[in-house]
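The structure appears below as structure tokens.
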Amino acid sequence: MNATPPALVSKAPNMGTTIFTVMSALAAEKKAVNLGQGFPDFPCAPRLTDLVNDAMREGLNQYPPMPGVAPLREAVAAKIEALYGRRYNANTEITVTAGATQAILAIILAIVHPGDEVIVLEPCYDSYVPNIELAGGRVVRVPLTPGSFRPDFDRIRAAIGPRTRAILINTPHNPSGMVWSREEMLTLQEILMPTNVVLISDEVYEHMVYAPLQHWSAAQFEGLAARAFIVSSFGKTYHVTGWKVGTVAAPAEYTAELRKVHQFMVFTVNTPMQHALARYMADPTPYLELPAFYQRKRDLFRQGLAQTSFKLLPGEGTYFQCVDMSDLKVPEKHLSEADFCQWLTAEIGVAAIPLSAFYGNGFDQKVIRFCFAKKDETLLAAIERLKRL
């Protein structure tokens, strides 16, 4: 007997496969250089994997505490204090999560009630909007300034209303690479001060800000830190995106609500990786040297792109470089961003991501994003192909 499955009513009828999955699959099919999805193609430090093996051999393989192992939470608190001057209580204000994406979903599910409004600044990371919708919230989209991708504070002010529960910011910014300035963080603090709006500050690229700029964390501003969930990621910092380990720093009362959701979403995060990361953090050199490491790769890639007809946008932070394709001297420049990226992958052999994928309305400004978190030989191979443009 062939039984018919009971019908389901989708909770996310408009949610499809992410652009990253689509472009990575096309890159593999066409044997293209994949500069689309944001992950390194080089290994992490051997010492880090050695520390994981050490932890496993020591028998650290069972459930850890729900909020994360104490040594890692203490190391994270110490790092935040050293870099940003704010001391978080490792027991009540630091939580280890299964990556930053899980952290953001857990935060939103913890604080957003049906009908609440959450402001997102577009273009934005593709998990933000589905997370808000799954929580029953209403997404309020505020565009960053086209071209510069700087925050438009007049529009942010206008978007805040009686139902606004939270605002999501991301600095350094994916996909544009824009870095919020101290003055911009102070302006946001001023705007939020008279409100009850919670700040969700996605700072996963905190260690990828290029001279002469610096990263300004919400932790550095009293009026922001008091209302903020601050999210970071070991995957980005230590070249281990597949480990899916992140952290959230937040006031104790916020952390208590986050952990209520976190415990029933994933309960906790793999034990040996946590102990390895805690031990590895004893030496701050890897994350202190990361800006120079990636700035060299950025400069190498930008020098190569300068030999094409792409117009380079500023690359202030992250490991992404955006380019404007309006000046390309090929018929394909008249394609949409999405269609151009498909063509670029299939015909030129380099995969990129259209910025329109980061907008709810598919806003097309002829800008695409490359990832330069790759071995030099990978970047040079991509440049040789892109020179055909």
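The calculated FRET efficiency for Asp152 paired with Glu183, based on their beta-carbon distance and R0 = 22 Å, is about 0.95. Each distinct pair of alpha carbons in the chain adds a 1/r term; the inverse of their mean, the Kirkwood radius, is 21.8 Å. When the alpha carbon gyration tensor of the stretch 120-202 is reduced to an equivalent ellipsoid, its three semi-axes come out at 19, 17, 11 angstrom, largest first. Model label sites at Ala306 and Val330, defined 7 Å from Cα along the beta-carbon direction, differ in position by 2.2 nm.
Step through the table entries Lys31/Lys374; Lys30/Lys366; Lys297/Lys374, compare each Cα-Cα distance with 20 Å, and write down the pairs that go over it. Correct reply: Lys30/Lys366.
Please give the FRET efficiency for Ala252 paired with Asn2, using the beta carbon to beta carbon distance and R0 = 41 Å, rounded to the nearest 0.05. That gives a FRET efficiency of 0.15.
Restricting things to alpha carbons, find the Rg to Rh ratio for the stretch 1-100 using the Kirkwood radius for Rh.
Using only Cα positions, Rg/Rh for the stretch 1-100 is 1.14.
Working from label points 7 Å from Cα in the Cα-to-Cβ sense, the Thr92 to Ala28 distance is 4.7 nm.
Modelled this way, with points 7 Å down the Cα-to-C-beta line, the labels at Ala78 and Glu347 are 5.6 nm from one another. Have a look at the DSSP beta bridges in the chain and tell me what percent are antiparallel, nearest 5. Around 45 percent antiparallel, to the nearest 5. As a proxy for reagent exposure, ranking Trp216, Trp343 by other Cβ atoms within 10 Å from fewest up yields Trp343, Trp216. Applying a DSSP loop filter and a limit of 14 other Cβ atoms within 10 Å to the GluC sites (Glu not before Pro) in the stretch 41-98 leaves Glu58. Distant-in-sequence amide contacts of Gly99, defined by a placed amide H-H separation under 5 Å and a gap of 5 or more residues or a different chain, comprise Val245, Gly246.
Work out which trypsin sites (Lys or Arg not before Pro) in the chain are exposed loop sites (DSSP not H, G, I, E or B, at most 16 other Cβ within 10 Å) and give the longest gap free of them.
With a cap of 16 other Cβ atoms within 10 Å, the longest stretch comes to 164-328.
By the equivalent-ellipsoid construction on the alpha carbon gyration tensor, the stretch 52-101 comes out with semi-axes of 23, 12, 10 Å, ordered largest to smallest. Going 7 Å from the Cα of Ala381 along its beta-carbon direction, which residues of the stretch 340-363 have the amide nitrogen within less than 20 Å of the resulting point? Counting backbone N atoms under 20 Å from the label point, the list is 342-353.
Taking Ala256, Ala351, Ala228 as the candidate residues, the one with maximal mean-square fluctuation in a Gaussian network model of the chain, Cα springs under 10 Å, is Ala256.
Values quoted throughout were computed directly from the atomic coordinates according to the rules given, and no laboratory measurement underlies them. Predicted, not measured: the structure shown is a model, and the values here were computed from it. Here the Cβ is made from the backbone with ideal geometry for all residues, glycine too, and neighbour counts use every protein chain on show.
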